[in-house]
1. Taking Cα pairs under 8 Å and at least six residues apart, what relative contact order does the chain come out at, in percent?
2. Stretch T397-A247 to full length: gain in nm at 0.36 nm per residue minus the Cα-Cα span?
3. Which whole-Hz ³J(HN,Hα) couplings does the range 267-281 yield from phi under the Karplus relation 6.51 cos²θ - 1.76 cosθ + 1.60, θ = phi - 60°, glycine and proline marked x?
4. Would you work out the charge dipole size for the chain about its Cα centre, treating the Cβ of every Lys and Arg as +1 and the Cβ of every Asp and Glu as -1, and quote it to the nearest 20 debye?
5. Suppose the chain between T118 and T368 were pulled fully straight at 0.36 nm per residue; how much longer would it get relative to their current alpha carbon spacing?
6. Per residue of the range 306-314, what does 6.51 cos²θ - 1.76 cosθ + 1.60 with θ = phi - 60° give for ³J(HN,Hα)? Whole Hz please, x for Gly and Pro, Karplus curve as stated.
7. Cα convex hull of the chain: mean projected area in nm², to one decimal?
8. Loop only by DSSP, 15 or fewer other Cβ within 10 Å of the Cβ. Give me the GluC sites (Glu not before Pro) in the range 343-427 that pass, ordered by residue number.
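Every number here is computed from the coordinates shown, using simple stated rules; none is lab data. Computed from a predicted structure; not experimentally measured. Positions of Cβ are generated from backbone atoms using ideal geometry, with glycine treated the same way; all protein chains shown enter the neighbour counts.
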Amino acid sequence: MKKITALFCAVLLLLALALSGCGGEGNDPASDGQPSGPSQDQQEPAPAPGESESDVKDIAAAYQIDAAPLGMPLQVYLIIREDGSFQLTNRLEGGDDKGSGQVGRSGDTYMLLYSDSTAEASKTSTFTVSGKQLVFSTKLYYGSSSFAPNEEDPQNPIYPTAKAMAYTEYLGDYAGVLEETVEAMGTTLTYACTLTLGYGAEYSFESLYSVMGSDQVFTQTGTFEIDGGKITLTAEGGEATEGAVSADKTIDIQSLVSAQGSEKKELTLKPATTSEQAGTYTGIKNMEMGPMVMTSNATLKLDRLGGYTYLAQMEGEEDYAEQGTFTVDGTKLIFQSDAEGAEAVEGVLENHTLTCKFRISNDVPMATEIVFYADDIQGQFTAAPSEEANGYAGALTLNGDGTYAIAVTKDGTETYAEAGTFEAAASQMGLSLLLTSESGGTVSGVVSENAININHAVDAAGTEVGFQYKK
C-alpha cells in the first residue's frame with residue numbers, strides 16, 4: 001500500500017508540473033450543458049498546489065459507464081469508496097475485478113492509479129467532476145482493454161464518462177398525456193409526454209404530437225435533483241423548474257411541450273409501468289387463402305402506461321384497427337381489446353421479438369399468429385465508408401417478415417450482395433442479431449441502442465469487414 005501511495009504521489013507531481021506549464025483555459029462543462037473533457041488545443045487547469053490528494057470522499061459512489069457512445073455496446077461499473085480505493089467491474093455484485101487501486105486528487109483534477117502500475121510502466125486515468133458525472137480526459141483502462149475518447153468528430157469528441165447511480169428509487173420513465181384546445185386552429189392537440197430520469201442525475205423530456213397530420217417531436221435534456229417531495233429540473237442552458245413528487249412517485253411539474261410554444265404547461269406524469277416493453281413493433285404476415293396469397297402489413301404500438309394500438313393494412317382491403325390495454329407477466333403480454341365482448345389474447349416478447357395472434361383484415365374474422373420485430377431491428381440501416389471498413393459502404397435492410405438484404409459498395413460500385421433470414425437472440429454482449437444467408441452461411445452482430453455492429457463479407461471471395469449500421 002505504501003508503494004502504491006508513493007508511486008501515486010510521484011505520478012501526480014509529474015502531472016501537476018506538466019499541466020502548470022500549459023497555457024489556455026479548460027472547457028467549461030456547463031457551457032453547453034454536456035460534460036466535456038479538454039479539446040485537442042486546450043488543456044486542463046493546473047491542479048491547486050497543497051490540496052490533499054486523498055480528499056475524494058465527496059465522489060465516493062457507484063457509477064455506471066456506458067461504452068456504447070464510444071463504439072462498444074457494453075455497460076460496466078466503477079466503484080469509488082470513501083477510503084480512496086476504487087474498483088472497475090462488470091457487475092455491481094459478484095462481478096470480476098477489471099482494475100483496482102487508489103484515487104487521488106489535486107485541485108479539480110482526479111486520477112485513478114491502478115494497483116498494477118509501476119514506476120517503469122505507469123497506468124493511470126485522469127478525470128474531472130461535472131455534477132454527478134466523472135469525465136475522463138485520458139484512456140480508461142478496463143481489464144486487458146481500455147475505453148478511449150471517441151474522436152470521429154474532432155470538433156465534438158466523446159469522452160469516457162462515469163455516471164453516478166444516484167436517486168436510484170426514482171430512475172426510469174414517467175409518462176402523461178396533455179390535451180390542449182387551440183381556438184385559432186379550431187382543433188385539439190394531444191401531447192404524449194415522457195420524462196426519463198437516468199444515471200448521472202440526467203433527464204430527458206420528450207413530447208410527441210401531431211399538427212395537421214404532421215408528426216412533431218419536442219425534446220429537452222438537462223440535470224435533476226430530488227429533495228424529499230421536491231424535484232428540480234434544470235434544462236441545458238436554461239432555468240431551473242421546481243415540481244412535486246408524491247408518495248406514489250407521481251410528478252407534477254410545468255414544462256414546455258412544443259418548440260412553437262413559449263408558455264409552460266402543467267403536467268402530471270406517472271411511473272411508466274410498461275416502459276421496458278414500449279415501442280413500435282412491425283410484422284408482415286403472408287397468408288395463403290386457396291390459390292391466393294394475402295399479405296398484411298401489421299403495426300403494433302405499445303405505450304409506457306399499458307395501452308396499445310394495432311393496425312393491419314392489406315392492399316385492396318379496408319384497414320383493420322383495434323386498441324386496448326396490456327399487462328406484463330415476465331415475458332408474457334396479455335392484450336385486452338376495448339371492443340365489446342373481446343377476449344384477452346396472450347403473446348410472448350423475447351429478444352425484441354413479439355409473437356401474438358391478431359386479425360389481419362376486417363374480412364378475416366379469425367386471428368392469426370404474427371411475429372413482430374422492435375424498431376431497432378426493423379427497417380433500413382446504412383454504414384458510411386470508413387477507414388475501419390477499408391472504404392466500403394453498406395446497406396442493411398431488415399424486413400417485417402424476418403428476411404434481410406445486404407448491399408456493399410466501394411467508390412460507388414456494388415461489390416457484394418446477399419439475402420436471407422434473421423433472428424434476434426440474447427448474448428453476453430446484449431442483444432445479438434443472427435443472419436443466415438440463402439446459401440446457408442451465418443454471421444452474427446450486436447445490437448446497441450443506436451447501431452448494429454456486425455462483420456460480413458464485402459466481396460465474392462468472402463473477405464469480411466466490420467460495419468456499424470445506423471438508421
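1. 7
2. In short, 49.4 nm is gained.
3. Here the 3J(HN,Hα) series is 10, 10, 10, 10, x, 7, 6, 10, 5, 5, 8, 4, x, 9, 10 Hz.
4. With Lys and Arg at +1 and Asp and Glu at -1, about 1300 debye.
5. 83.4 nm is the gain from fully extending T118 to T368.
6. Here the 3J(HN,Hα) series is x, x, 9, 10, 10, 9, 10, 10, 9 Hz.
7. 29.5
8. Listed in order of number, the matching sites are E343, E387, E388.
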